[in-house]
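*Asks:* Pasting a structure below so you can have a look.
The values are calculated or read from the model by the stated rules, or taken from the named source; none is laboratory data. Note that this is a predicted model, so its numbers are computed, not measured. Positions of Cβ are generated from backbone atoms using ideal geometry, with glycine treated the same way; all protein chains shown enter the neighbour counts.
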Amino acid sequence: MIDKEVIRKLILQQLKADYKNAISSACAAHEAATNEESKAENKYDTRGLEASYLAEGQSRRAAELEQDITAYENLVLVSLSQDSKIRLTATVVLEDEDENQRTVFIGPTSGGMKIVLEDNAHSEGERMPGDRMSCNRISGGCIVVTPKAPLGSALIGKRVGDDIALDAGGCRTHYEIIDIC
């Protein structure tokens, strides 16, 4: 069975690295905004103003990341059975009409983050033809989705065997839920 604590640790690791980068960027932008060279030389010179906007944006991003870190540190991970409804902290394996499979983790924040997991399926790291992934055999990784995202909201409350359909870019894609944990 996939260890959700590993997923949480990987998410936190990425969030903390992003936070560190955001703090560094905010400090650099603040320095640029307050630097002697940023003073306006005429009424059309906006370098200092632009740098201050950048510093503000970077500071906001750092604050958002700090909230995301807290959310994942306080997140209660729930084990789900095959009969459970999908909810926050579920790991879900989906299969489309072409039998392409993808794994998602329903998280409170940080939608779109890709988590790379060690391959539990085969020592060579490849899925064999006809193999179906399951929570016991995640291949590659998973994507974090939030309940507010179209995919997340479509999954919440569903069960193994249910189908969902998503519209994206003018195309409709159907998925079957083949495993949850």
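*Asks:* Can you say whether Glu73 is modelled with pLDDT of 95 or more and surrounded by fewer than 18 Cβ atoms within 10 Å (Cβ to Cβ), as far as the supplied structure shows?
*Replies:* Yes: the conditions hold for Glu73.
*Asks:* Still on this structure: Within the set of pairs 6+ apart or on separate chains, which have a first residue in region 161-181 that is farther than 14 Å from Leu80 by Cβ and in contact (Cβ under 8 Å) with a residue 12 or more places away in the chain, a second that is among the polar types (S, T, N, Q) and surrounded by 12 or more Cβ atoms within 10 Å (Cβ to Cβ), and C-beta atoms under 6 Å apart?
*Replies:* Filtered contacts from region 161-181: Leu166/Thr173.
*Asks:* Which of the residues that make up region 15-36 are within 15 Å of Met113 (Cα to Cα) and buried (at least 18 other Cβ atoms within 10 Å of the Cβ)? Don't jump to the end; show me each part of the working.
*Replies:* If we filter region 15-36 for residues that are within 15 Å of Met113 (Cα to Cα), which is where we start, we get 15-19.
Leu15, Asp18, Tyr19 - these are the residues of region 15-36 that are within 15 Å of Met113 (Cα to Cα) and buried (at least 18 other Cβ atoms within 10 Å of the Cβ).
*Asks:* Under 9 Å between Cβ atoms, at least 6 apart or on separate chains: pull out the pairs that start in region 61-84 with a residue that is more than 12 Å from Lys4 (Cα to Cα) and in the same structural domain as Arg8 (by TED's automatic domain parsing) and end on any residue that is surrounded by fewer than 12 Cβ atoms within 10 Å (Cβ to Cβ) and of a type in the set (A, V, I, L, M).
*Replies:* The qualifying pairs do not exist here.
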